[in-house]
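Take a look at the structure set out below.
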Amino acid sequence: MSKRILIVVPSAIAAKGLEQVFSDLGEFEVCAILQDLSGPEIRSLDPDAIILDPSIYDYASRSHIKARIAAYSEAAVIGFFTAPADEELLRQLDGSIGLMDAPTAIIRKVRAALEDHTDAPRAEGEELSQREKEILICVAKGMLNKEIADLYNISIYTVITHRKNITRKTGIKTVAGLTVYALLNNLIDMNSVE
């Protein structure tokens, strides 16, 4: 089964060019092309990787690109750059491709980003912290990141970080899987699950 790619690039020409590269080489399937990114759309598309032009965000928002996307998707995030990017932005992405990259280089870079993105398995003996258990309980009850942030008076980015740590420690990526984990570990009872 081919990996699903979501392209989020405001330039129709650049987006079609990327789509053609993936079509010609056949290793990846483009599930959609968007000119901008709104969170709920990502969930329904369920991409394995998101290729996006960081210019869709204003300058201040670029420092949180990965965290913003993580609220809606566990996909690898690959930057598409038409000009050199600053190091801080590159560090938060799983990979990057450039406008002048050859098709084979694009495929190689996407492959590498997907491989690097896979979460490390749970470390032996690494337990969830008390706060991570509280966040897990909220997730299992069907609460959204914003609701959890409001409940504990923390930022949404802190909630996202806790959720990533929970996923890394448990090796479970889905809400359903985390709910089962919470039930099996007596963190919640069946009546509290929505």
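Derivation of every value follows stated rules applied to the coordinates shown; laboratory data play no part. Values in this document were obtained by computation on a predicted structure and should not be read as measured data. When we count neighbours, we look across all protein chains shown, and the Cβ atoms used for this are built from the backbone with ideal geometry, even at glycine.
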Among residues of the range 1-34, those that are of a type in the set (S, T, N, Q) and not in a helix (DSSP H, G or I), counted: 2
Residue match in the range 145-162 (condition: among the acidic types (Asp, Glu) and either under 19 Å from residue 73 (Cβ atoms) or in contact with a helix residue (DSSP H, G or I) (Cβ under 6 Å, 6 or more places away or on another chain) (or both)): yes
Scanning the range 74-86 for residues that are part of a strand (DSSP E or B) and in contact with a Ser or Thr (Cβ under 8 Å, 6 or more places away or on another chain), the one nearest to residue 27 (Cα to Cα) turns out to be 78
Residues that are surrounded by 17 or more Cβ atoms within 10 Å (Cβ to Cβ) and more than 22 Å from the chain's Cα centre (by Cα): which helices (runs of 4 or more DSSP H) entirely in the range 87-194 hold 1 or more of them? 175-184
